[in-house]
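Down below is the structure, laid out as structure tokens.
The values are calculated or read from the model by the stated rules, or taken from the named source; none is laboratory data. All values derive from a computational prediction rather than experimental measurement. Please note: Cβ atoms are built from the backbone with ideal geometry, for glycine as well, and neighbour counts cover all protein chains shown. All accessible areas refer to the heavy atoms of the entire protein, side chains included, with ligands and DNA or RNA removed. Shrake-Rupley method; radii C 1.70, N 1.55, O 1.52, S 1.80 Å.
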Amino acid sequence: MNILIVESAAKARTLERYLGSDWKVVATGGHVQTLPHSRKDHGKDAKKAYWANQPGQLPSPPWVWTDRGEDAVDKILEHADDDPVFWIATDPDREGEFIAWCLETLLRPHGPVHRVSFQEVTERAVKEAVEHPGEVDRGMVESALVRKFLDRLVGYRTSKLARAVIPGGSASMGRVQTPTLGFVVERELEREAHVPIPYFEVRARAETIDLKVRFHEPGDADVWRDDHDKAVPTRTFDEALAVEAEAAIRTAGRVRVTEVTRGQRVSRSRDPFSTDALLQAAGSRFGWSPKKTSALASMLYEAGHITYIRTDSTRLAASAQADARSVIEASFGEDHLGPKSPGGKAKVGAGPVQDAHEAIRPTDLTVAEAGVDDADARRLYRLVRAHTLASQMAPARYEKADIRAEAEGLERPLTGGISWRTFAGWEAAYAEFRKEPPTSPPEAALEAGAIWTLDPEEDEAANPRLIEDETQPPPRYRRHTLIKAMKDEGIGRPSTYARTVEKLEERSYVEIEEGALKPTERGHVLWSKAAPLYVDEETGNELFSSDFTARMEDRLDAVARSGADDDAPASAAETWEEWRDQIRQLHETARARKDSGLVTPRTMERLKRLLENMPEALVAENPESAADPKALSEEEARAWIDRLQEQGVKPAPTERQMDYIETMIEELEFSEEEAAGLIDKTSLAEIRTSTQASALIEELSTLRDERRPPSRKQVALIERLRTEAELTEAEAAALISEEDLSALTGGREGSASALIDALLERAGKAEKAGKQESRA
């Protein structure tokens, strides 16, 4: 008897249809063994934060049954005849590999054990896996073990201290959970510290085109600036100026176009879905929680409709690319095909699981609708299919026109813009999920001198319209945007994103308010009072910082790779010992700091940045506290922070921000004065706040992207396509309105990428014309 073992009962039912009568498919329901956790059932081992180990070896703790583990293994053995062969087909990730390792140990005495793995639950995939069995991956198992040991050590040690800090009830902290909570709390602190900036704006609509009065220019002394110190010329502080502008436009009843600047833009598709991208897309488009999206994706995967759902990869297999291109050509036409590309790249430094996986895609792209009895699951399938097809399609193309106009009696100009799509490209595949854009220019004359009449006023919208408003605090995280923050900061992995967010809710550290995550009082206290204790000023280590957690994740990825690379530098035992010792040291530091009552490093850093911009009057009132904040207690320091923020004091830039600015200035070969001028400052010394530093970083980043040279791969591809098209360099550059190829810029949105698209499109048309000619 051949016994195939999977985790899910739904997957087992699907696979049974593909295998013969000499096969039995059994589900374990998940993990079968775990670390001791019940004092009643497991004795003193349940209280241990970690187990000792021999040098060069990982700890060997006792493993105990999960709630259903023993019954699951008994059920497997019930199906075994006198000569069973076990095929372990648990999920192809670290947790699945750990389960496979446990099962192999338990089943080996009863018969031969093989490890099989597949990315999709299809007949072809499972039969191919059985024909080519492998072994349990040592590196991935060791990575899973170290992860479990570290999670237990952090959770057991820090939670005990957290319970002493947080009054009433239980409290817990976690290696990934607590930094993720930090994102939510820090955002709330930003919101509380936000000082609204009032503004006036005047809008008008003429010939269906939206216009705004341009009150100032960026260099004007009285130009309105937003929370990031960025000039916004269409807003003003001057109410009288705005009232006069609105009255003048209303009296005129029309505007005269003074300038029209024509142009083009392209919209490129995104890479195929990774786990976090799918959770974000379903959250933003459908309002689904990560938990719901994960459950629906699992349903589709286990029914054989999509590939494995926990992946960092955005790549497609060559066969999937070919299938996608066939569907695109048949459904939308040959001109909608994009350049041949496997999609994105796997995460740099990712473990073998992430590297081996494809992106999330349909197992059969010719199937337009998944055959499952759940409307939301079918909707999710259509999104995955549309996104996969779109990733292999040509960019959408738009024409645009920037408008400048004037109104009689108004000294300031009005500005606006309009665009319309001239070629759908990848957006054709997304028709169900995107609002259809205009596909033709407006009826209004797009030329200087044209007279446009104001559109009639609607019931609740005056035209022109005077708007009085103020800037809003940064938005709270939603579940799916919190997952994006986790991914961006390198904490968590595809298998943990959704569950981490769930835990914050389950443990009452966050609550949902109007669909967004708001920290509870417990969450505030945990992050602001317990987490800051775990900082070592000498080493710079901060246990619950994103950086510390991300470095730990990278090291675990390296351990996972070691199974496929005998020369890999990351030993599992060395990794465990190194991080164990760091965590123990941080815990001792935290205990000592708690007992001392002194201000924590994180609070001190925040206070010092505020004190740098402290008004002279407050300094004079409190000279001792301003001169020596280290003498303050934690509570006194926090009171100072609240007082300064209430008075509108903004924190000074961080050292990291200024270092980054200097690095980009060197890269761009700017002088400090030139860089400061981008945000209307004369020198870097005038950058006094963190928001000003952020504004400059944004400006410099934009310039860096614009100046980034094309990659060698882009240059080589352009040269090949240009030669095949028999174009001179000047003729090729003219395709995208450039004078010379030396002016090309790199990056995803750069002109080199646009030229490649243009050359590929030209080559496609030439090939099509050749085929028609040969047929004639």
statement: Residue by residue through region 12-25, the couplings from Karplus 6.51 cos²θ - 1.76 cosθ + 1.60 with θ = phi - 60°, in Hz, x for Gly and Pro, are 4, 5, 5, 5, 4, 5, 8, 10, x, 5, 8, 10, 10, 10
Computed helical MRE - 222 nm, the chain, DSSP H runs ≥ 4 contributing -39500 (n - 2.57), nearest 500: -14000 deg cm²/dmol
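Treating only the Cβ of Lys, Arg, Asp and Glu as charged (+1, +1, -1, -1), what charge dipole size does region 176-251 show about its Cα centre? Round to the nearest 20 debye. Walk me through the intermediate numbers first.
On the way: 10 positive and 17 negative charges, 57 e Å.
Once rounded to the nearest 20, the dipole reads 280 debye.
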Rounded accessible area of residue 674 (nearest 10 Å², 1.4 Å probe): 100
- request: Between residue 698 and residue 79, take the C-beta separation as r, use R0 = 60 Å, and let me know the FRET efficiency to the nearest 0.05.
  value: 0.45
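Of all the accessible heavy-atom surface of the chain, with the other protein chains kept in place and a 1.4 Å probe, what percent is carbon and sulfur?
Working: 17410 of 37710 Å².
Taking all protein chains in place, the chain shows 46 percent carbon and sulfur surface.
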statement: Inter-part gap, Cα centre of region 120-191 to Cα centre of region 649-723, in whole angstrom, is 36
Cross-link table 44/484; 291/400; 650/681; 518/608, entries beyond 29 Å C-alpha to C-alpha: 44/484; 291/400
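Might you tell me the accessible area per residue for region 128-186, computed with a 1.4 Å probe and given in Å²? Before the final figure, lay out the partial values.
Details: 2160 Å² over 59 residues.
About 37 Å² of surface per residue is accessible.
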query: Hey, with R₀ at 22 Å, roughly what FRET efficiency would residue 488 and residue 422 work out to, going by the Cβ-Cβ distance, to 0.05?
result: 0.05
message: To make sure I understand the rule: partners must be lysines, Cα under 29 Å from the Cα of residue 48, and not fewer than 8 residues away in the same chain. Which ones qualify?
response: 40, 148, 160, 503, 529, 594
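Please give the peptides 661-670, 553-562, 184-193 ranked by average Cβ packing (other Cβ atoms within 10 Å per residue), highest first, as a rough proxy for protection.
On the way: 661-670: 14.0, 553-562: 22.3, 184-193: 17.3.
Listed from highest to lowest mean packing, they are 553-562, 184-193, 661-670.
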query: Modelled label-to-label distance, residue 581 and residue 511, 7 Å Cα→beta-carbon offset: nm?
result: 4.6
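Please calculate how many Å² of accessible area region 590-720 carries per residue, with a 1.4 Å probe and no DNA, RNA or ligand atoms counted.
Details: 7660 Å² over 131 residues.
Value for region 590-720: 58 Å² per residue.
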- request: Report the net charge of residues surrounding residue 712, where surrounding means a beta-carbon distance below 14 angstrom and charges are Lys +1, Arg +1, Asp -1, Glu -1.
  value: +2
statement: Burial-style ranking of 442-448, 287-293, average other-beta-carbon count within 10 Å with highest first, yields 287-293, 442-448
task: Would you kindly find the accessible area of residue 180, with a 1.4 Å probe and non-protein molecules such as ligands, DNA and RNA excluded, rounding to the nearest 10 Å²?
output: 0
- request: Mind jotting down the distance between the C-alpha centroids of region 460-539 and region 284-308, whole Å?
  value: 23
Integer Hz, Karplus 6.51/-1.76/1.60 couplings in order for region 528-534, x for Gly and Pro: 8, 10, 8, 4, x, 5, 8
message: If amide hydrogens are placed 1.01 Å from N in the peptide plane, which non-local residues have theirs closer than 5 Å to the one on residue 422?
response: 397, 398, 399
- prompt: When you take every Cα atom in region 662-703, what is the radius of gyration, and what is Dmax, the widest Cα pair distance, in Å?
  reply: 9.1, 24
query: In nm, to one decimal, how far is the residue 9 label point from the residue 317 one, both placed 7 Å along Cα→Cβ?
result: 3.0
- request: Rank-order 328-339, 11-22 by packing density, defined as the average count of other C-beta atoms within 10 Å over each peptide's residues, highest first.
  value: 328-339, 11-22
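So what is the relative contact order of the chain, in percent, for Cα pairs below 8 Å that sit 6 or more residues apart?
Working: 1315 pairs, mean separation 105.0, N = 776.
RCO, the chain: 14 percent.
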- request: Calculate one ³J(HN,Hα) per residue across region 115-126 by plugging θ = phi - 60° into the Karplus curve 6.51 cos²θ - 1.76 cosθ + 1.60, and present them in order as whole Hz with x for glycine and proline.
  value: 9, 10, 9, 8, 8, 9, 8, 10, 4, 4, 5, 5
